[in-house]
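> Can you read through this structure? Questions will come right after.
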2 protein chains.
Amino acid sequence: MPMTAIQDRMSDNHCVGCGPDNPLGLRIKSYWVGDLETSCSFQPQPHMAAGPESILNGGIIATLVDCHAVCTAISYATRLAGGAAGQDTMFVTASLNVRYKRPTPIDRPVEVRARIVGVAERRTVLECTLSSEGTICAEATVVAAWVGAGSAVYPQRVPPPAQTLGGWKADPPAPRPLAKTA
Amino acid sequence: MPMTAIQDRMSDNHCVGCGPDNPLGLRIKSYWVGDLETSCSFQPQPHMAAGPESILNGGIIATLVDCHAVCTAISYATRLAGGAAGQDTMFVTASLNVRYKRPTPIDRPVEVRARIVGVAERRTVLECTLSSEGTICAEATVVAAWVGAGSAVYPQRVPPPAQTLGGWKADPPAPRPLAKTA
């Protein structure tokens, strides 16, 4: 696992979820834990409650998932581009679909995982989980949209992830290629 | 339009999105603007930025939509129950699906609208928009799940909204009844 967080390789990021430059934000830190998977540990604060003070708010969960997943998409594209960061590997959220499975305790860390499951010309799709002490409390699907100004760095068409990172995996499920326009 | 916000009819709500009892929260206020539709106006703060400082963060948008929609579901069930608030009309978010259409300016108010489009035994489905100066920046679907402790107040099976509020509308689209278990 790289010791530098994905967010700490980005500059000029004022995002309330993931921006190191936002002193009032959540300032999440995401790390690669596999070829296609990232992890983020976050300690909720007491004011991030749902109605009951013991439960983590669903909007905070959505924010954690959204930022962690989009940072993963940016970092993945940067890796494919050979490490050159900047506008050409910038992504935004096209859609965010969170399924809340059970209440998430607020008084202990949560772990967000994001896994790249498909890449199209201008879309990266990620499946995510948010867990508390190993129990999945929410699942999510994030579609990140590439908004790079040019095509110099990010390839016009990216092959499915496993093809770009040393061949297909021995075990299914393989990443699902997407239609050209998602 | 009632002059009392939906949230101000609830007690003991510490939610970071909609709780009047959370001094560090967004403290949104939602109002009925039609038989099946509610509205919420919210002025973003500068620290609620996406990466660029001029754009509202997607997680904040998700939080606004989520809280506004679930409060709408709670208020609707309370109306059906004859105005008796409390645990028996409590809902939580089962799923939240946000589609981001365009960047949302952070320097002016946003309006969130939620419309009840279907009701099943323990689910209320709402279609939502978030607009800036009349332009829709995000659309969302929220499924709210009833978690009332008993069935004394909330009916075991709620008819489609239009049937409960004076008959079917003259114009389509009519609310879509849902399968018994969503």
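> Would you be able to say whether some residue in the range A:111-134 is under 19 Å from B:Asn57 (Cβ atoms), in contact with a helix residue (DSSP H, G or I) (Cβ under 9 Å, 6 or more places away or on another chain), open to solvent by 10 Å² or more (accessible area, probe 1.4 Å) and more than 9 Å from chain B (Cβ to nearest Cβ)?
No, the range A:111-134 has no match at all.
> Go through the range B:21-44 and give me each residue that's of a type outside the set (D, E, K, R), out of contact with any Pro (no Cβ under 8 Å at 6 or more places or on another chain) and over 20 Å from A:Ile61 (Cα atoms).
Correct list: B:Ser30, B:Val33, B:Gly34, B:Thr38, B:Ser39, B:Cys40.
> Can you name every residue in the range A:82-110 that is open to solvent by 40 Å² or more (accessible area, probe 1.4 Å), within 14 Å of chain B (Cβ to nearest Cβ) and more than 22 Å from B:Val16 (Cβ to Cβ)?
Listed by number, the residues that qualify are A:Ala85, A:Gln87, A:Met90, A:Val92.
> Output the number of the condition that B:Arg79 fails; it satisfies all remaining conditions of (1) in contact (Cβ under 8 Å) with a residue 24 or more places away in the chain; (2) surrounded by fewer than 17 Cβ atoms within 10 Å (Cβ to Cβ).
Of everything listed in (1) in contact (Cβ under 8 Å) with a residue 24 or more places away in the chain; (2) surrounded by fewer than 17 Cβ atoms within 10 Å (Cβ to Cβ), B:Arg79 misses just condition (1).
> Determine whether A:Ile61 is crowded, with 23+ Cβ neighbours inside 10 Å, outside any loop (DSSP other than H, G, I, E, B) and away from chain B (no Cβ under 14 Å).
On the way: crowded, with 23+ Cβ neighbours inside 10 Å: yes; outside any loop (DSSP other than H, G, I, E, B): yes; away from chain B (no Cβ under 14 Å): no.
So A:Ile61 does not fit the description; no.
> If you scan the range B:13-43, which residues turn out to be open to solvent by less than 60 Å² (accessible area, probe 1.4 Å) and within 10 Å of another protein chain (Cβ to nearest Cβ)?
B:Asn13, B:His14, B:Cys15, B:Val16, B:Gly17, B:Cys18, B:Gly19, B:Asn22, B:Gly25, B:Leu26
Okay, residues lined up against (1) within 24 Å of B:Asn13 (Cα to Cα); (2) within 16 Å of the chain's Cα centre (by Cα):
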site: A:Ser11; (1), (2): no, no
site: A:Cys18; (1), (2): no, yes
site: A:Arg27; (1), (2): no, yes
site: A:Tyr31; (1), (2): no, yes
site: A:Gly58; (1), (2): yes, no
site: A:Thr78; (1), (2): no, yes
site: A:Thr89; (1), (2): no, yes
site: A:Asn97; (1), (2): no, yes
site: A:Ile116; (1), (2): no, yes
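> Being modelled with pLDDT of 95 or more, part of a strand (DSSP E or B), touching a Gly at 6+ places or on another chain (Cβ under 7 Å) and under 30 Å from A:Pro52 (Cα atoms) narrows it down to one residue among A:Thr141, A:Thr93, A:Thr129; which is it? Explain how you work it out, then say what you get.
Details: A:Thr141 fails: touching a Gly at 6+ places or on another chain (Cβ under 7 Å); A:Thr129 fails: touching a Gly at 6+ places or on another chain (Cβ under 7 Å).
One residue alone meets the criteria, A:Thr93.
> Taking A:Val117 as the residue in question, decide whether it is among the aliphatic types (A, V, I, L, M), out of contact with any Lys or Arg (no Cβ under 8 Å at 6 or more places or on another chain) and outside any helix (DSSP H, G or I).
In short, no.
> Still on this structure, I have one more. In the range B:44-58, which residues are open to solvent by less than 60 Å² (accessible area, probe 1.4 Å), of a type outside the set (Gly, Ala, Ser) and assigned to a loop (DSSP other than H, G, I, E, B)?
Of everything in the range B:44-58, those that are open to solvent by less than 60 Å² (accessible area, probe 1.4 Å), of a type outside the set (Gly, Ala, Ser) and assigned to a loop (DSSP other than H, G, I, E, B) turn out to be B:Pro44, B:Asn57.
> B:Ile60 versus (1) of a type in the set (Val, Ile, Thr); (2) touching a Lys or Arg at 6+ places or on another chain (Cβ under 9 Å); (3) at pLDDT 95 or above: which is the lone unmet condition?
(2)
> Look through B:Val70, B:Val117 and report the one residue that is more than 25 Å from A:Gly17 (Cβ to Cβ), among the aliphatic types (A, V, I, L, M) and out of contact with any His (no Cβ under 7 Å at 6 or more places or on another chain).
Result: B:Val117 is the single residue among B:Val70, B:Val117 that is more than 25 Å from A:Gly17 (Cβ to Cβ), among the aliphatic types (A, V, I, L, M) and out of contact with any His (no Cβ under 7 Å at 6 or more places or on another chain).
The values are calculated or read from the model by the stated rules, or taken from the named source; none is laboratory data. Because the structure is predicted, anything quoted here is derived from the model rather than measured. Backbone-built Cβ (ideal geometry, glycine too); neighbour counts: all protein chains shown. Just the protein is used for accessible areas: all its heavy atoms, side chains included, with ligands, DNA and RNA removed. Shrake-Rupley method; radii C 1.70, N 1.55, O 1.52, S 1.80 Å.
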